[in-house]
Amino acid sequence: MVTRHDVIQSSEAATLSGKIGLILGGLPEDKDTLPAVLFIILYVALFIPVIWRISKHTLTFGQVWKPLLVIMLRVTTFAFRIKLSDDQDWNQNIFVTQLILLRLGPIILTSALICLLRDAVIPYLPTVDAPNFTVKFLLKYFVALLNMATYFAFGLTIAIAFDVKAAINGNPEARVKMHISKQISIWMLVGIDACIYILVITPMVRLYQGMYIQRLVISRKKEESKFLAIASVCTFLLVVSAFKALQLAAHGRFNSRYALVVNKKILFYCVCCAGEYIACMLLATLPWARMVPPPEILEAFCRVYSSNDGGNGGNGNGFTGPNATITQTAVIPWPQPPPPGVQTDGTGIPAPGTNSGHAGS
């Protein structure tokens, strides 16, 4: 039986860091058990607000399935770290798996955030009557491009697992390939998170300029809260990605003292793990279905309220004028029930041809 103590004391384990670089989270030890148990409890506790949000229709499964996947991955990851911290049980496959899972979490959360952002910017897309190629590219095609980049980073991280195993077994080519793959995936995430801020600022500018589809905007305050929530999640994900980038840069470029400081376990748990947990918590517990209704709901409102374009200071093409104000009655916030006496199609959306009670009708 090969124990963790034997692995750490062996000449091969002594050069493990030299083979695969600075290890994210370091080698699991006895002192890793307590924080691992704490994070397992915290992640499991997130199931309670998620179930409550879904039951209250303030969160859809389509919006939360990726954060739920991260929750399950993190419970598995920290369970593996507890298992590896046991002196009597060391498994190389489990060690590599938990390393890869640690890198997959932020990628999945970033993809979930981009999907929310894709739906959040729908009211700010240019129309045929008010075209704007630059804004359309940023809010539609560039968002899709960023989402594809997260899928590429996900696949690249999975491929790293094979290089890590080969590098541990002494393959120098696999070590170089693994280091390059890490650099690409980490800096790609940093770049994606930075671009998200641009994609948050753009619709905010259009909101204050009055260039939005009026019937899809509830109120300025709610729109500001929506984009503030998205920016907050992005900030925590950026902190996690930046921490990993600094750790990667510490290998082979800075002195050993700097490398040891960056690789301290307290920073790993307080910055990397805590930052990812907060981002996951925000994605899994905020009422995103109210702040960012799914596209099918927005399309239903477009069909029902298409005759109301130009109301409340609008200019007839779905955009408000420069001096227009946003009212709480611009749309009926989904999934709240319609006003008394209004017939619906069974989804809470006023049926076409009925009196919706919409302002300006």
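Quick rundown of the values:
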item: Residue check, Asp86 among the acidic types (Asp, Glu), in contact (Cβ under 8 Å) with a residue 40 or more places away in the chain and under 30 Å from Ile218 (Cα atoms); result: no
item: Identity of the residue in the range 56-105, more than 13 Å from the chain's Cα centre (by Cα) and among the aromatic types (Phe, Trp, Tyr), that ends up farthest from Gly275 (Cα to Cα); result: Trp90
item: Any pair with Cβ under 7 angstrom, 6 or more apart, that starts in the range 275-286 at a residue that is on the phi < 0 side of the Ramachandran plot and ends at one that is surrounded by fewer than 24 Cβ atoms within 10 Å (Cβ to Cβ) and among the basic types (Lys, Arg); result: Thr285/Arg53
item: Residue match in the range 208-228 (condition: among the acidic types (Asp, Glu), assigned to a helix (DSSP H, G or I) and either buried (at least 19 other Cβ atoms within 10 Å of the Cβ) or at pLDDT 90 or above (or both)); result: yes
item: Qualifying position, being closer than 11 Å to Ile196 by Cβ, aliphatic (A, V, I, L, M) and out of contact with any Cys (no Cβ under 7 Å at 6 or more places or on another chain), among Leu146, Leu125, Leu116, Leu139; result: Leu116
item: Filter result (surrounded by fewer than 18 Cβ atoms within 10 Å (Cβ to Cβ) and assigned to a loop (DSSP other than H, G, I, E, B)) within the range 73-121; result: Asp86, Asp87, Gln88, Asp89, Asn91
item: Pairs where the first residue, in the range 14-43, is acidic (Asp, Glu) and the second is modelled with pLDDT under 80 and in a helix (DSSP H, G or I), C-beta under 8 Å, 6+ apart; result: Glu29/Arg4
item: Selection within the range 35-65 - touching a Cys at 6+ places or on another chain (Cβ under 9 Å) and closer than 12 Å to Trp288 by Cβ; result: Gly62, Gln63
item: The listed residue being crowded, with 17+ Cβ neighbours inside 10 Å, assigned to a helix (DSSP H, G or I) and modelled with pLDDT of 95 or more, out of Phe236, Phe268; result: Phe236
item: Residue within the range 122-144 that is in a helix (DSSP H, G or I) and under 22 Å from Gln183 (Cα atoms) present; result: no
item: Selection status of Lys136, closer than 20 Å to Ile230 by Cα, at pLDDT below 90 and among the basic types (Lys, Arg); result: yes
item: Test for Gly18: is it on the phi < 0 side of the Ramachandran plot and at pLDDT below 90; result: yes
item: Residue list for the range 162-177, filter: buried (at least 17 other Cβ atoms within 10 Å of the Cβ) and either in contact with a Gly (Cβ under 9 Å, 6 or more places away or on another chain) or not charged (D, E, K, R) (or both); result: Val164, Ala166, Ala167, Ile168, Ala174, Arg175
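The values are calculated or read from the model by the stated rules, or taken from the named source; none is laboratory data. Just so you know, these numbers come straight off a predicted model, no measurement behind them. So basically every Cβ, Gly included, is an ideal-geometry build from the backbone, and we count neighbours across all protein chains shown.
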